[in-house]
1. Identify, please: which residue in the stretch 149-177 is among the polar types (S, T, N, Q) and surrounded by 13 or more Cβ atoms within 10 Å (Cβ to Cβ) and is, among those, nearest to the chain's Cα centre (by Cα)?
2. Could you list all residues from the stretch 264-289 that are away from ligand 2 (no atom under 13 Å from the Cβ) and at pLDDT 95 or above?
3. Go through (1) farther than 18 Å from V415 by Cβ; (2) within 16 Å of ligand 2 (Cβ to nearest atom); (3) under 23 Å from the mean Cα position of the chain (by Cα) for V334 and report which single condition fails.
4. Give G298, G319 a once-over and let me know the one that is touching a Gly at 6+ places or on another chain (Cβ under 7 Å) and more than 13 Å from ligand 1 (Cβ to nearest atom).
5. Determine whether G307 is within 13 Å of ligand 1 (Cβ to nearest atom), at positive phi and within 26 Å of the chain's Cα centre (by Cα).
6. Within the stretch 334-349, take every residue that is crowded, with 24+ Cβ neighbours inside 10 Å and of a type in the set (A, V, I, L, M) and give me the one that is nearest to ligand 1 (Cβ to nearest atom).
7. Which ranges mark the strands (runs of 3 or more DSSP E) fully within the stretch 187-290 that have 3 or more residues being within 13 Å of ligand 1 (Cβ to nearest atom)?
8. If you go through the stretch 395-431 one residue at a time, how many are surrounded by fewer than 18 Cβ atoms within 10 Å (Cβ to Cβ), outside any helix (DSSP H, G or I) and either on the phi < 0 side of the Ramachandran plot or modelled with pLDDT of 95 or more (or both)?
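The values are calculated or read from the model by the stated rules, or taken from the named source; none is laboratory data. These figures come from a predicted structure and were not determined experimentally. Because the Cβ atoms are built from the backbone with ideal geometry, glycine has one as well, and the counts that use them run over all protein chains shown.
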Amino acid sequence: MSNVSPADQNPPRTLSSVVNCLSDYDPDALPVADAQAIIRQLIQPINAVEKIALRSALGRVLALDIVSPINVPSHDNSAMDGYALHGSELNPKADLSLKIIGTAYAGRAYDGKVGSGECVRIMTGAVMPGGCDTVIPQEFVRDASDAGMTIPAGAVKLGDNRRLQGEDLKAGTPALQKGKILSPADLGLLASLGIGEVPVQRRLRVAFFSTGDELRSIGETLDEGCVYDSNRYTLYGMLIRLGCDVVDMGVIKDDPDVLEAAFRTACENADAIITSGGVSVGEADYTKQMMAQLGDVGFWKIGMRPGRPMAFGKIASNGKEAYLFGLPGNPVAVMVTFYFLARQALLHMMGASAVAAPPLLRVVSQAAIRKRPGRTEYQRGILSRNSDGIQEVRITGSQGSGVLRSMSEANCMVVLEHDRAEVKAGELVDVILFEGLI
Ligand code: AMP
Ligand code: MG
């Protein structure tokens with residue numbers, strides 16, 4: 001099943017038309033916020049819907065609003081194990097003794113009438129017997145026997161411990177909105193509505209490859225001066241976490257014909273292409289040349305560290321188009337540019353509505369951090385609690401953009417804003433956690 005939304009009927013934007021609207025666009029000194037804004041304006045969601053089984057929908061983007069077909073819960077029911085009674089009989093100043101006339105079990109309603117001076121023993125989740133509106137938890141009563149019990153004065157008020165029909169969701173009201181990335185709670189919510197199949201956006205297809213003649217794949221001999229290609233593995237991990245279908249195209253040699261064929265294959269088979277390496281200034285290879293030849297691509301020097309050089313745009317081949325993210329080659333720079341420039345764009349393409357950056361926490365920096373104004377710095381940090389119970393962050397050793405260990409050891413990224421200078425020990429800094437409750 002596939003449908004096309006009105007968004008697709010807008011004339012396609014080009015990178016040049018987007019950047020022409022910016023008064024001070026300088027590709028050689030582009031602040032992170034401007035790069036993010038340009039990318040956001042160019043990217044269009046894919047809008048293709050498929051229906052899948054509820055369990056398979058975890059982490060997928062909901063494609064249509066879900067309206068609750070039923071009341072949840074479907075009846076008033078008890079929130080506690082105890083006794084159901086008529087709240088109007090309670091007197092805050094006097095004890096109340098009631099006769100027990102039966103039991104209401106969860107899933108097995110008590111259908112008798114409950115008269116004045118009477119109550120029904122009730123289990124959590126059992127439908128409230130006719131007329132009863134209040135439950136006294138069993139641990140609050142006195143002198144309980146099979147025949148009766150006594151409620152101490154003031155132990156409970158009318159309406160206590162009763163869950164109302166539809167209090168979780170009322171029939172006909174929106175339960176989940178289109179664009180939501182489905183969480184474990186959402187799966188449970190959909191199950192509570194009896195919905196077994198969910199309309200989701202199709203997965204985004206992302207092709208990626210590494211460029212650089214010094215790169216070797218795992219299993220190959222590491223010749224002198226060569227390094228193993230690690231970027232394809234970090235990219236694989238980050239893309240899979242986002243819920244993308246990935247096409248790993250390997251290491252592409254610095255040869256114009258081979259590069260052209262790789263870009264064309266990627267473009268014809270994927271919605272987005274991510275490359276790493278070959279976009280630095282003065283880079284002597286054909287990567288940039290081929291990107292420019294096949295599309296509308298900007299080559300940027302972004303005011304960020306790590307990750308200064310980056311290419312972004314759209315390329316075309318045989319009538320097919322794909323967005324292109326040409327990330328730098330350094331292993332940490334790849335991750336930082338992916339997280340702060342590509343990630344949001346990919347989420348937007350996937351049709352996700354809440355594509356705001358992950359929340360920033362403001363915490364104390366344990367030590368001084370060197371920082372120059374005029375660029376956003378993304379340092380790798382370890383967030384922990386000090387002996388006073390205060391959250392503080394320290395930087396993970398060497399912050400070189402090739403030192404992947406700094407990323408692996410970190411549990412957060414310290415984001416030092418564009419205009420900020422040197423951080424003194426004890427000052428507050430922003431951090432983004434790598435992991436949450438997932
Ligand atoms: P480049 O952006 O191509 O100038 O690359 C910058 C640095 O990153 C160089 O030291 C490269 O060897 C290294 N590099 C580039 N691509 C990769 C990769 N896929 N895996 C590991 N290191 C890489
Ligand atoms: Mg290179």
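1. Initially, the stretch 149-177 is screened for residues among the polar types (S, T, N, Q), giving 150, 161, 165, 173, 177.
Those left that are additionally surrounded by 13 or more Cβ atoms within 10 Å (Cβ to Cβ): 150, 161, 165.
Working: T150: 52, N161: 35, Q165: 32 Å.
Among those that are among the polar types (S, T, N, Q) and surrounded by 13 or more Cβ atoms within 10 Å (Cβ to Cβ), it is Q165.
2. In the first step, residues of the stretch 264-289 are kept if they are away from ligand 2 (no atom under 13 Å from the Cβ); the result is 264-274, 289.
Result: R264, T265, A266, C267, E268, N269, A270, D271, A272, I273, I274.
3. Here V334 meets the rest and fails (1).
4. G298
5. Working: within 13 Å of ligand 1 (Cβ to nearest atom): yes; at positive phi: yes; within 26 Å of the chain's Cα centre (by Cα): yes.
So G307 fits the description; yes.
6. Step by step, filter the stretch 334-349, then rank; the result is V334.
7. On the way: elements: 197-201, 205-211, 245-252, 272-276.
Strands (runs of 3 or more DSSP E) meeting the threshold: 205-211, 245-252, 272-276.
8. Residues in the stretch 395-431 being surrounded by fewer than 18 Cβ atoms within 10 Å (Cβ to Cβ), outside any helix (DSSP H, G or I) and either on the phi < 0 side of the Ramachandran plot or modelled with pLDDT of 95 or more (or both): 15 in total.
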